[in-house]
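Engineer: Have a look at this one before I ask anything.
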Amino acid sequence: MAASNVSVENIGWYNSVLPPTLHLSYPDDTLAVVVLSTPAMFEDAFLPFLEQRCYQGLNDPIDQCVRQCITSAVSQCFPGEKVDVRYDYELLPSRKPKFLAQTAAHVSGAAFYYQKADVTEQPWAEKKMFGVCVHPRFGGWFAIRALLVFGDVTVGSELVQPVPPDCVPSREGRIKLLEAFNFHWQDWSYRNIISPIQTYSQKQRDYFSTPPAQRVALLRAWG
Ligand code: B12
């Protein structure tokens with residue numbers, strides 16, 4: 001099973017659902033690619049990365065691993081191409097994320113982004129509810145890692161915008177999903193809102209259940 005999964009979009013699809021303050025300043029027909037990590041990423045990429053002892057300092061080791069994998073894939077596959085790589089964890093000086101990962105995943109058709117507005121007769125009144133993407137095969141067992149913008153590549157109207165599969169169509173299912181993501185995300189239940197083809201291994205769950213500040217100690221304990 002591959003450790004990553006990519007979906008293509010154009011910048012216009014992304015910008016069209018966002019206010020101008022969050023637009024990416026590229027022409028609408030610019031090519032972009034969303035990169036997701038699948039459950040296999042931990043064993044296939046992260047544990048080998050640790051064995052090479054490449055991680056350093058205070059930065060998150062998973063983020064360092066993702067950066068190394070994407071940088072090397074981009075330079076090998078697209079030498080000389082102008083690629084603006086934006087990672088999920090990067091912030092602009094304004095403290096806004098460098099790209100909205102869930103919006104990018106939705107507009108590319110990779111994973112439906114369920115938001116409060118997707119629930120009719122919402123039971124939460126004015127309460128803020130964070131939205132969550134569900135992948136048709138991995139459920140919630142994946143992460144959205146990066147957006148690659150190919151600044152010099154334009155796509156024409158032959159690229160038809162895919163509709164992401166709506167795998168949680170019912171009101172009750174969406175309420176269950178959003179409540180699990182907002183109120184009980186540590187118990188992993190939101191990730192099983194549909195039957196996934198693969199989930200995180202116990203080792204991966206142990207890693208992500210450990211507070212970030214203690215993860216380096218856990219890695220040392222694993223040897
Ligand atoms: Co978080 N988090 N997070 N997180 N977080 C991310 C959202 C992400 C994508 C990271 C990743 O995959 N690498 C995942 C979600 C994956 C998924 O959806 N399946 C993620 C996760 C998993 C979590 C946690 C479970 C912890 C964890 O395991 N990492 C918890 C769960 C939430 C909880 O606390 N119960 C968690 C927590 C948080 C905190 C610390 C609370 C903050 C705030 C959460 C939030 O604002 N959503 C947080 C952040 C900041 C982020 C981060 C870095 C940015 C999110 C953000 O600020 N969005 C993202 C990664 C990223 O995006 N770079 C991860 C800005 C807001 C304004 O965007 O609510 O989507 P928005 O609103 C926009 C859309 O509605 C859009 O316009 C709005 C903006 O104007 N829009 C759209 C309007 N109309 C329409 C129509 C359509 C069709 C579409 C598509 C869009």
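Derivation of every value follows stated rules applied to the coordinates shown; laboratory data play no part. Quick caveat: nothing in here was measured; it's all calculated off a predicted structure. In this analysis, Cβ positions are derived from the backbone assuming ideal geometry, glycine residues included, and neighbour counts consider all displayed protein chains.
Engineer: For the chain, which span is the longest to avoid every loop-located (per DSSP) member of trypsin sites (Lys or Arg not before Pro) having at most 13 other Cβ atoms inside 10 Å?
Structural biologist: Free of exposed loop sites, the longest segment is 129-223.
Engineer: Still on this structure, please answer the following. Is there a pair in 128/176; 98/203; 98/128; 96/116 whose C-alpha atoms are over 24 Å apart, and which pairs would that be?
Structural biologist: Correct reply: 98/203.
Engineer: Can you give the log10 of the normalised intensity I(q)/I(0) at q = 0.14, 0.22, 0.24 Å⁻¹, computed with Debye over equal Cα scatterers of segment 92-189?
Structural biologist: -0.63, -1.24, -1.36
Engineer: Ok, one more. For an R0 of 30 angstrom, estimate the FRET efficiency from the Cβ-Cβ distance between residue 170 and residue 125 and round to the nearest 0.05.
Structural biologist: So, using R0 = 30 Å, E works out to roughly 0.90.
Engineer: Related question: What FRET efficiency comes out for residue 217 versus residue 78 if R0 is 41 angstrom and r is the Cβ-Cβ distance? Round to the nearest 0.05.
Structural biologist: Computed FRET efficiency for residue 217 and residue 78 comes out at 0.60.
Engineer: Taking only the alpha carbons of segment 97-153, what extent do you get along each of the three principal axes, in Å, biggest first?
Structural biologist: 45, 25, 16
Engineer: Give the range of the longest stretch in the chain that excludes all GluC sites (Glu not before Pro) found in loop regions by DSSP and having at most 16 other beta-carbon atoms within 10 Å.
Structural biologist: 1-80
Engineer: Return P(r) of the chain (all Cα-Cα pairs; 5 Å bins starting at 0; whole %; ordered from short to long distances).
Structural biologist: Using 5 Å bins, I get a P(r) of 1, 6, 13, 17, 19, 18, 14, 9, 4, 1, 0 for the chain.
Engineer: Here is a follow-up. What are the residues whose amide H is under 5 Å from the amide H of residue 145, where those residues sit 5 or more places off or on another chain and H is modelled from the backbone?
Structural biologist: 35, 36, 37
Engineer: Continuing with the same structure: Each residue of segment 200-208 in order: what ³J(HN,Hα) in whole Hz does its phi give by Karplus 6.51 cos²θ - 1.76 cosθ + 1.60, θ = phi - 60°, with x for Gly and Pro?
Structural biologist: Those phi angles translate into 5, 5, 4, 4, 5, 5, 4, 4, 6 Hz.
Engineer: Run down the aspartates and glutamates and flag those whose C-alpha is under 14 Å from the C-alpha of residue 127, throwing out any fewer than 8 positions away in its chain.
Structural biologist: Cα-Cα hits under 14 Å: 179.
Engineer: Looking at the square roots a ≥ b ≥ c of the eigenvalues of the Cα gyration tensor of segment 173-223, which shape do they give, rounded for a/c under 1.5, prolate if a/b is larger than b/c, or oblate?
Structural biologist: It comes out oblate by the Cα gyration axes.
Engineer: Which three extents, in whole angstrom, do the alpha-carbon atoms of segment 133-202 cover along their principal axes, largest first?
Structural biologist: Largest to smallest, the principal-axis extents are 43, 30, 23 Å.
Engineer: Roughly what would the spin-label model give for residue 6 and residue 29, points 7 Å off Cα along C-beta, in nm?
Structural biologist: 2.2
Engineer: With a/c under 1.5 counting as rounded, go ahead and sort segment 38-104 into rounded, prolate or oblate using the C-alpha gyration tensor (a ≥ b ≥ c being the square roots of the eigenvalues; past the cut-off, prolate if a/b is larger than b/c, else oblate).
Structural biologist: Oblate shape, in that a/c is at least 1.5 and b/c is the bigger or equal ratio.
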